[in-house]
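Written out below as structure tokens is the structure these notes cover.
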Amino acid sequence: MGGKAILTNVEPSIVLTLCIAGTFMWRALGVAVANHIDISSDLFEWFNCVAYAMLAGLISRIILIPSGTLETTLLFDRVVAMAIGLVVFVIFKRNIFWGTFTAFLIFLSLTALR
């Protein structure tokens with residue numbers, strides 16, 4: 001309980017400075033280590049697969065079990081927009097911008113029509 005009182009009395013600019021310092025410390029460490037990483041190694045490929053799996057899980061959760069305002073939209077609209085965005089993504093040689101942009105426009109159009 002005593003620690004809680006100390007945290008509430010800290011100047012916000014000090015907290016902001018510490019957060020910025022912590023962020024830049026990890027970024028600097030990443031830059032220093034980046035030159036020594038073999039991107040064709042099995043470990044790096046595993047990290048890449050895990051990152052894609054986490055992203056796929058997050059997107060699936062947002063589409064299938066949304067919260068907030070997205071929860072008020074129809075599942076059909078979300079799934080159709082995602083499917084069309086995926087097709088555009090593949091057609092445009094795995095260009096994430098066009099896939100995402102198309103999915104957004106389709107979803108926006110479908111929800112606006114209701």
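Throughout, read-outs are computed from the coordinates displayed, never taken from laboratory work. No experiment lies behind these values; they were computed from the predicted model shown. Positions of Cβ are generated from backbone atoms using ideal geometry, with glycine treated the same way; all protein chains shown enter the neighbour counts.
Listing for the model above:
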{"item": "Over the chain, relative contact order from alpha-carbon pairs under 8 Å, at least 6 apart, %", "result": "15 percent"}
{"item": "Relative contact order for segment 59-114, counting Cα pairs under 8 Å that sit 6 or more residues apart, in percent", "result": "31 percent"}
{"item": "Within segment 32-114, chymotrypsin sites (Phe, Trp or Tyr not before Pro) in DSSP loop having at most 15 other beta-carbon neighbours inside 10 Å", "result": "92"}
{"item": "Equivalent-ellipsoid semi-axes of segment 59-114, from the Cα gyration tensor, Å, largest first", "result": "20, 12, 8"}
{"item": "Whole-number D in µm² s⁻¹ for the chain, Kirkwood Cα-pair radius fed into Stokes-Einstein, 4 °C, 1.567 mPa s", "result": "70 µm²/s"}
{"item": "Label-point separation in nm, residue 76 to residue 34, each point 7 Å along Cα→Cβ", "result": "4.7 nm"}
{"item": "Centre separation in Å (Cα based) which lies between segment 77-110 and segment 42-76", "result": "15 Å"}
{"item": "Residue 62 paired with residue 86, simple spin-label distance in nm, labels 7 Å along Cα-to-beta-carbon", "result": "1.5 nm"}
{"item": "At R0 = 35 Å, FRET efficiency that the Cβ-Cβ distance of residue 19 and residue 112 yields, to 0.05", "result": "0.35"}
